[in-house]
Amino acid sequence: MPIRLSGMQSGLDTEALVSALVMGYRTKKEDYEKAQTKLSWKQDKWKSINTKITNFYSGTLASNKLSSAYNLKKATINNSSYATVSASTSAVSGTQSLKVTKLASTGYLTGGKISGSNKAKLTGSSKLSEVKGMGSVADGAAISVTANGTTSTITLSSDMTINEFVVKLKNAGLTASFDENNQRFFISSKSSGADNDFSMTAANNNGKSALEALRLQATTEDTIAKDIAKYQTIVGQDDYVSKTAENNYKAAIDEYNKAISSLKDTNTKLDYEKSYLNTFINSLAYEEKTAEDGTVTSEPTSDSLKTARETLSSKAEELTEKLKDSSLDDSTKAATQLELDAVNAVIKTVSTDSALSRAQKTSDDGTTSFDSSTADTTLAGFDTTIDGNKKKIEEYYTKAGISKDSDGNYNASQISSTTGLILESYTYERAVADGNSLATGYQTAAQEQYDYAQKMVAAYNKLQNGTATSDDKKLLGLSDSTTTDSTSAVRIAGSNAQIELNGAVFENTTNNFSINGLTIQATALTGNEAVTITTDTDVDGIYDTIKDMLSEYNELIKTLDTAYNAESAKGYEPLTDDEKESMSDDEVEKWETKIKDSLLRRDGTLDSVISSMKNTMLAGITIDGKSYNLSTFGISTGSYFSSGTNEKGVYHIDGDEDDSTSKGNEDKLKAAIANDSDTVIKFFSQLANNLYSTLNKKLGTSNSMSSYMSIYNDKEMATQYSEYKTKISDQETKISTWEDYYYKKFSRMESALASLNSQASSISGLFG
């Protein structure tokens, strides 16, 4: 705003005069601002009311117009220490007997206490070879784990740590941990029930020795049959060795394929990253900066950074667009995606300037150079990672039995150029015949499993016919002694829960049963004594559902009536800033509240909603040829003369202990529910449906004035608000324009007066 000097020559209060001259425009602006403020308050008022109506409509009414909201059943049990019960709407009313004969349990194995071979305390990072008794048996030891219906084999090694072994158990479908304080393994199935129980058995002789050393054998004559069944299955398969070995061989090949493909993809992405990062760095221009301590750094200029980053972003956009081309083959698409990932990785790396700064140093001979920056270090790290991945690939080739030629290169005929490792036309049989190390290894392992299974089955058969020797029992994990010491493992088999309902036996993996509308949670065994379950109509539940709906209606209708019957705020208008300054905060708040409360007074739209809702509540409903209304069930509004202005539309339930108006009256509603719940349910579901339809007519339309699910003209108000905004802006422009005009006029007048005064002084000076 220009500096305006008021009446220096004329002595006139220019500002007051200009203010008076534009007062008409200023008054119009204030009128528009007040009208806009009032409209904004009215919008807020309507939004609040609209929210309450829509919540009632889409929540309570939408639910309660369905008979299922009231068709409630209640189940009780005469002794809740054995079970808890609940009933759904489909439960049959009556009395039923219940016995809990078995509770569900989870399969547990608490390992015996183990120790280190050198008596040192074992930790999760200790190697299996450090466990006392393991020695060299860990290498090649195979343990078979069956969990969640899936059997997998864990192969141990002497270098495997205890934590790695625990991870293997978890991957096999178990819950497992190693307690370093107690030096024990704790293993369990993930779910209760016999079908969810687990088994952990040796798959070969080394596996048996390993289980013994790890104190994980807890076999009893009662539980061993389940484990033996698996061995019997193995022995019963004539082609077990060949099939198992072949399947494991193929699975390993597939795993190698995926691993090598992933490594090659990683190297490709790293090559891209290295290239783009190197290009980025080399495109930068650097400028020297000196810190307070005298350290000189060389940092990229902002312009070169901006250009380099824009180049990267453009490349990312180009690759993104390329991927949208549906004609791309899979290999091209995959390569493009890798390049895009690399570009995005570089963009992230160079997102901060600090990673690109280089410290300048001067050697003794005066030569200036730069220390390695973060970016330079990153570049150097790429080669290390890539070389490491290449070594991993070679390890996979070696494990898979891929041979090398005379020059030391791996046999190209055995390696696919696209998938990494596919033995082209190289069958399992040929691999075995040619001495392929991977295939031969699986063949040997499968044969060991088969031989061990034969030994276990033979020992078990002897146990069954009473001819088992101590060696047989030892092989089966049984001891001639019945004592249990600190080194012994304890096994609890998983079992199903079992109940009898009205004499019928039901079994489940958990203690929870859902039977014909009843939900039963068994908590303790009943023994021979049965407990009684009684199912009946939930009178209190139905009553509470009706009461809650009426309570919500009452709160809503009171809100609407309060807004409609508000006191007049005639003479009250929104305050200007000047007016607020002359009043206290409390006075301002009371003034504005007075206006806000009155905004919907005698509003026609609001009146229509109120009348429609009240008329719907008063209307009769015919059920099976007989007419009913709310008063039939002891529900009515209070006295018209004694009720407050905004309480006249509120309904009271006779006998409601929470309602001081009607709690002393006869409880007709609860009696009606107990005697004829079907009629009550039909009436109130229809009442809710009628209210729902009434509000739907108000909410469910959309036009130029209002939006869908809006009970008021929200679109019209939004337009009006924008119009006020435009009018206010127009007045501000006029005020500014006319103020400038008048100030220029007065300025010219002051200049003219100054000139006249100067001339007068000069003339006066001539005449002395």
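The values are calculated or read from the model by the stated rules, or taken from the named source; none is laboratory data. Here the structure is a predicted model, which is why all the values come from computation and not from measurement. Here the Cβ is made from the backbone with ideal geometry for all residues, glycine too, and neighbour counts use every protein chain on show.
Things to note:
- Test: residue in the stretch 543-552 that is over 42 Å from the mean Cα position of the chain (by Cα), in the same structural domain as K698 (by TED's automatic domain parsing), surrounded by fewer than 15 Cβ atoms within 10 Å (Cβ to Cβ) and of a type outside the set (S, T, N, Q): no
- Filtered by the rule that a residue be in contact with a Gly (Cβ under 9 Å, 6 or more places away or on another chain) and among the acidic types (D, E), the stretch 551-581 gives E552, D561.
- Residue in the stretch 317-346 that is nearest to the chain's Cα centre (by Cα), counting only those that are farther than 23 Å from K264 by Cβ and in a helix (DSSP H, G or I): T320
- Output for the stretch 573-587, where each listed residue is in contact with a helix residue (DSSP H, G or I) (Cβ under 8 Å, 6 or more places away or on another chain) and either modelled with pLDDT of 95 or more or part of a loop (DSSP other than H, G, I, E, B) (or both): E573, P574, L575, T576, M583
- No other residue among S177, S157 is in a strand (DSSP E or B) and not assigned by TED's automatic domain parsing to the domain that holds N502 apart from S177.
- Within the option set K208, K190, K168, being free of Cβ contacts under 8 Å to residues at least 24 places away in the same chain, of a type in the set (K, R) and in the same structural domain as K113 (by TED's automatic domain parsing) holds for one residue only, K168.
- Under the condition of being hydroxyl-bearing (S, T, Y) and free of Cβ contacts under 8 Å to residues at least 40 places away in the same chain, the residues counted in the stretch 502-535 number 1.
- Residue in the stretch 181-195 that is under 19 Å from Q449 (Cβ atoms) and crowded, with 21+ Cβ neighbours inside 10 Å present: no
- Screening S702 against (1) farther than 24 Å from L72 by Cβ; (2) at pLDDT 95 or above; (3) not aromatic (F, W, Y) leaves a single unmet condition, (2).
- Criterion applied to S144, S199 was being touching an Asp or Glu at 6+ places or on another chain (Cβ under 7 Å) and either closer than 17 Å to G107 by Cα or modelled with pLDDT under 90 (or both), and the one residue passing it is S199.
- Restricting attention to the stretch 110-134, the residues that are without any contact (Cβ under 8 Å) to a residue 60 or more places away in the chain and of a type outside the set (K, R) add up to 10.
- Evaluated against (1) assigned to a strand (DSSP E or B); (2) small (G, A, S); (3) farther than 21 Å from A489 by Cα, G107 falls short on exactly one condition, (3).
- Among the residues of the stretch 475-521, those that are among the small types (G, A, S) and either exposed (fewer than 13 other Cβ atoms within 10 Å of the Cβ) or modelled with pLDDT of 95 or more (or both) comprise S481, S486, G503, A504, S514.
- Of residues in the stretch 82-121 being surrounded by fewer than 18 Cβ atoms within 10 Å (Cβ to Cβ) and among the aliphatic types (A, V, I, L, M), the one farthest from the chain's Cα centre (by Cα): A120
- Matching entry among T244, T279 (being exposed (fewer than 15 other Cβ atoms within 10 Å of the Cβ) and assigned to a helix (DSSP H, G or I)): T279
- Lone qualifier among E716, E750 - being in a helix (DSSP H, G or I) and within 27 Å of Y32 (Cβ to Cβ): E716
Each row is one residue, and each column tells you yes or no for (1) closer than 16 Å to S551 by Cα; (2) crowded, with 19+ Cβ neighbours inside 10 Å.
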| position | (1), (2) |
| --- | --- |
| M617 | yes, yes |
| N629 | no, no |
| S642 | no, no |
| L669 | yes, yes |
| L691 | yes, yes |
| L695 | no, yes |
| D714 | no, no |
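- Restricting the search to strands (runs of 3 or more DSSP E) fully inside the stretch 626-694 and requiring at least 1 residues that are more than 28 Å from Y564 (Cβ to Cβ) gives 626-628.
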